[in-house]
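Student: First the structure, then my questions, so here it is.
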Amino acid sequence: MTLEQEIGRRRTFGIIAHPDAGKTTLTEKLLLFGGAIQTAGAVKSNKIDIGTRSDWMDIEKQRGISVATSVMGFEYKELKINILDTPGHKDFAEDTYRTLTAVDSVIMVIDCVKGVEEQTEKLMEVCRMRNTPVICFINKLDREGQDAFTLLDEIEEKLGIKVRPMSWPIGMGKSLRGVYNIYENNLNLYEPNKQKRVDDVVEIKGVDDPELDKRLPEGLVKELREEIELVNGVYDEFNAETYLKGEVAPVFFGSAVNNFGVRELLDCFTQIAPPPKSRETEEREISPEEKKFSGFIFKIHANMDPKHRNRIAFVRVCSGKFERGSNYYHVRDDKKIRFSNATAFMAQQKETVEEAFPGDIVGLYDTGNLKIGDTLSEGEKGLYKGIPSFSPEMFREVINMDAMKSKQLDKGLNQLMDEGLAQLFTFELGSRKVVGTVGALQFEVLQHRLLNEYGANAKFEPVNIYKACWISSKERAKLDAFIKDKQRHIAKDKEGKLVFMAESKAWLQMVQDNFPDIEFHFISEF
Ligand code: GDP
């Protein structure tokens with residue numbers, strides 16, 4: 001196969017949802033269709049359950065499970081499909097955001113009973129930043145959920161994206177009888193507790209087909225015809241272009257646990273979802289078809305075994321062909337590294353990979369050379385753009401409890417930050433170090449790992465910080481004046497970018513009003 005053909009048959013997507021919406025269940029059904037797994041229950045949930053008794057070790061164990069399932073590849077209808085799973089727990093949201101930079105499209109699972117939930121809204125914001133095409137799957141139709149039109153309105157309103165239903169439920173909850181496939185004009189009938197099979201799809205020609213009357217109770221047929229008419233009246237016809245631009249989300253209805261509506265989703269996905277596209281580095285746009293390999297690291301997972309402090313770096317291949325054992329150029333460090341130990345992810349197994357193509361994810365064993373956001377290439381000098389950091393939600397100051405171990409503490413902090421566990425800010429005055437996280441859990445993990453892996457004893461003390469804002473200005477002099485004025489509140493992030501540490505919302509607002517020439521950013525990349 002040529003490079004172009006390999007690229008053309010790849011579909012790399014992320015699957016996102018608020019916890020419990022049915023992400024794991026749907027993933028499993030997709031893998032079953034692809035023949036990548038044989039039995040249900042083979043995919044372990046990467047959900048992180050934090051009971052009162054669970055400590056960080058449990059959490060890490062649970063995260064360990066998620067390494068195996070964080071990338072799953074399978075073949076389906078000549079396509080090579082790569083699913084990137086994302087942790088649903090909100091304390092690991094930053095992980096999810098970064099994973100979304102490595103995908104070409106997204107499937108978003110929504111619970112029909114709960115509707116659009118908070119975590120989903122945040123995830124959608126991230127998709128919008130990069131205009132990632134989104135398909136919605138409204139799940140759990142076997143339950144008494146909200147009315148289909150209400151759900152669609154909610155998606156448009158809360159997620160700020162237009163929708164186009166591609167399938168339509170016939171009944172709901174106990175009265176659920178099927179999903180009418182608007183996209184293909186056929187019908188999937190539902191029998192509770194029965195695993196759906198292909199032959200159960202009834203071929204019908206449009207909603208007026210008399211076959212419908214034979215198959216379904218009169219009332220439901222009438223309702224379906226009215227609703228489909230309404231759907232076609234209210235929503236613009238499906239248009240692949242608006243979907244690919246991230247402006248309109250095609251919506252499917254179904255019940256993942258009953259394997260219902262999943263094939264409709266998968267078949268349509270394979271037809272409309274985009275293959276890998278060009279991506280930008282600091283210097284230029286790189287097309288996947290370019291012969292020379294390039295890719296970037298979007299995730300690093302630490303080894304569970306503290307005796308072996310190696311880690312797995314996840315690389316998204318962006319152009320050319322990755323070959324095991326080759327020397328690749330590490331852009332940030334300006335040196336070549338040889339990767340003889342590359343791993344590909346196929347469903348349940350990790351296996352050694354000889355070559356990989358744009359859209360694929362390769363796992364590289366690393367002893368501390370790589371960090372999130374790094375670019376590897378065959379000579380290309382620019383770093384891939386698009387791995388932003390978000391202003392953290394919680395801040396604590398690092399207090400070294402053992403003066404003899406400050407080197408270990410620095411090293412540990414540095415490496416753990418490279419893994420993307422948290423963000424480090426160093427104040428200009430007095431070199432105070434403050435760590436920012438999305439949730440309290442990360443501090444626990446940090447403290448434990450610093451001690452166990454680096455022998456550094458650190459405490460994390462609450463500080464009065466509300467937000468970290470990256471600052472810039474069109475006029476250097478204005479920026480300098482601002483820094484001078486607010487010296488006590490200026491820090492640098494790990495890349496050395498300037499950050500203003502605001503103490504409160506009101507105060508930040510006031511500072512913003514008083515310094516109109518300074519731009520305040522809540523995302524590191526601007
Ligand atoms: P995740 O947290 O998004 O990965 O959600 P899971 O896939 O683990 O599903 C959460 C719970 O919802 C599990 O108990 C599933 O069995 C259940 N579930 C998933 N899909 C359906 C469905 O279609 N109908 C019903 N009734 N339950 C479902």
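Read-outs: derived from the displayed coordinates by stated rules, not from any lab. Small disclaimer: the values here were computed from a predicted structure and weren't measured. FYI the Cβ positions are ideal-geometry reconstructions off the backbone, even for glycines, and counts take in every protein chain you see.
Student: Pull up the cross-link candidates among the lysines for residue 205, meaning alpha carbon to alpha carbon under 22 Å and not fewer than 8 places away within one chain.
Tutor: 196, 214, 222
Student: While we're on this one: Whose amide H sits under 5 Å from the amide H of residue 457, counting only residues 5 or more places off or on another chain, with H placed in the peptide plane?
Tutor: Correct list: 401, 402.
Student: So for the chain, taking the charge dipole from beta-carbon charges (+1 Lys/Arg, -1 Asp/Glu), which of 273, 287, 443 sits furthest toward the positive end?
Tutor: Checking the options against the dipole of the chain, the answer is 443.
Student: Whole angstrom only: what separates the Cα centroid of segment 491-516 from the Cα centroid of segment 81-158?
Tutor: The distance from the Cα centre of segment 491-516 to that of segment 81-158 comes to 31 Å.
Student: On to the next question. Work out how much length residue 355 to residue 257 would gain on full extension: take 0.36 nm times their residue separation and subtract the Cα-Cα distance, in nm to one decimal.
Tutor: So the extension gain works out to 31.8 nm.
Student: Going by amide H atoms built from the backbone, whose H comes under 5 Å of the H on residue 355, apart from near neighbours?
Tutor: Those qualifying (amide H under 5 Å, at least 5 residues apart or on another chain) are 324.
Student: Oh, and also: Which ³J(HN,Hα) values in Hz, rounded to whole numbers, follow from the phi angles of segment 235-244 under the Karplus curve 6.51 cos²θ - 1.76 cosθ + 1.60, where θ = phi - 60° and Gly and Pro get x?
Tutor: For segment 235-244, the Karplus curve yields 9, 4, 4, 4, 9, 4, 5, 5, 5, 5 Hz.
Student: Loop-only check: which GluC sites (Glu not before Pro) in segment 79-148 are DSSP coil with at most 14 other Cβ within 10 angstrom?
Tutor: Values: sites: 94, 117, 118, 121, 125, 144; in loops: 117, 144.
Listed in order of number, the matching sites are 144.
Student: Order these by the 10 Å Cβ neighbour count, fewest first: 501, 404.
Tutor: 404, 501
Student: Let me ask something else. To the nearest 0.05, what FRET efficiency results for residue 214 and residue 143 with a Förster distance of 41 Å applied to their C-beta separation?
Tutor: Between residue 214 and residue 143 the formula returns 0.90.
Student: For helix 148-159, report the angle its Cα long axis makes with the longest principal axis of the Cα atoms of the chain; keep it between 0 and 90° and round to the nearest 10°.
Tutor: For helix 148-159, the angle is close to 20 degrees.
Student: Can you tell me the 0 to 90 degree angle between the C-alpha axis of helix 218-234 and the longest principal axis of the chain, rounded to 10?
Tutor: Between the helix axis and the principal axis of the chain, the angle is about 50 degrees.
Student: Something else: Output ³J(HN,Hα) for segment 131-136: one whole-Hz value per residue in order, computed from phi by the Karplus curve 6.51 cos²θ - 1.76 cosθ + 1.60 with θ = phi - 60°, and x for Gly and Pro.
Tutor: 6, 6, x, 10, 10, 9
Student: Along the charge dipole of the chain, which of 179, 509, 146 sits closest to the positive end, that is, farthest toward it, with unit charges on the beta carbon of Lys, Arg, Asp and Glu (+1, +1, -1, -1)?
Tutor: 509
Student: If each Cα of the chain is one equal point scatterer, what is log10 of I(q)/I(0) from the Debye formula at q = 0.13 Å⁻¹?
Tutor: -1.31
Student: How high is the FRET efficiency from residue 338 to residue 20, r the C-beta distance, R0 45 Å, rounded to 0.05?
Tutor: 0.55
Student: Would you work out the relative contact order for segment 361-449, in percent, from Cα pairs under 8 angstrom that are 6 or more residues apart?
Tutor: RCO, segment 361-449: 29 percent.
Student: Still on this model: Test of understanding: what is the full-extension gain from residue 203 to residue 452, defined as 0.36 nm times their sequence separation minus their Cα-Cα distance?
Tutor: Full extension of this stretch gives 83.5 nm more.
Student: Can I ask one more? Once phi is turned into θ = phi - 60°, what whole-Hz ³J(HN,Hα) does the Karplus curve with 6.51, -1.76 and 1.60 give for every residue of segment 429-443, x standing for Gly and Pro?
Tutor: Here the 3J(HN,Hα) series is 8, x, 6, 4, 10, 10, 9, x, 9, 8, x, 5, 3, 4, 5 Hz.
Student: List residues of segment 361-389, by number, whose backbone nitrogen lies under 20 Å from a label position 7 Å along Cα→C-beta of residue 284.
Tutor: Correct set: 375-386.
Student: For the chain, find the longest principal axis of its Cα atoms and tell me its angle to the long axis of helix 23-33, 0 to 90°, nearest 10.
Tutor: Taking the Cα atoms of the chain, the angle to 23-33 is about 60 degrees.
Student: Which of 27, 242 comes first, and how do the rest follow, when ranked by fewest Cβ neighbours within 10 Å?
Tutor: Least crowded to most crowded, the residues run 242, 27.
Student: In terms of modelled amide H atoms, which long-range or inter-chain residues lie less than 5 Å from the amide H of residue 80?
Tutor: Excluding prolines and chain starts, which carry no amide H, the hits are 10, 11.
Student: If neighbour count is taken as other Cβ atoms inside 10 Å, put 472, 524 in order from fewest to most.
Tutor: So the ranking, lowest neighbour count to highest, is 472, 524.
Student: Considering Cα pairs under 8 angstrom that are at least six residues apart, work out the relative contact order of the chain and quote it in whole percent. Before the final figure, lay out each step's value.
Tutor: Numbers: 1107 pairs, mean separation 70.9, N = 526.
Value for the chain: 13 percent.
Student: Given the peptides 252-261, 474-483, arrange them by the average over their residues of other C-beta atoms within 10 Å, most packed first.
Tutor: Details: 252-261: 24.8, 474-483: 13.2.
With the highest mean Cβ count within 10 Å placed first, the list reads 252-261, 474-483.
Student: What number, in percent, do you get for the relative contact order of segment 394-521 if the mean sequence gap of Cα pairs under 8 Å and at least 6 apart is divided by its residue count?
Tutor: Details: 211 pairs, mean separation 37.8, N = 128.
That works out to 30 percent.
Student: Can you give the FRET efficiency for residue 226 and residue 404, using 1/(1 + (r/R0)^6), R0 = 56 Å, r = Cβ-Cβ distance, to the nearest 0.05?
Tutor: Once the sixth-power term is evaluated, E becomes 0.15.
Student: If you place +1 on the Cβ of every Lys and Arg, -1 on the Cβ of every Asp and Glu, and leave all else neutral, what size is the dipole of the chain about its Cα centre, to the nearest 20 Debye?
Tutor: 1940
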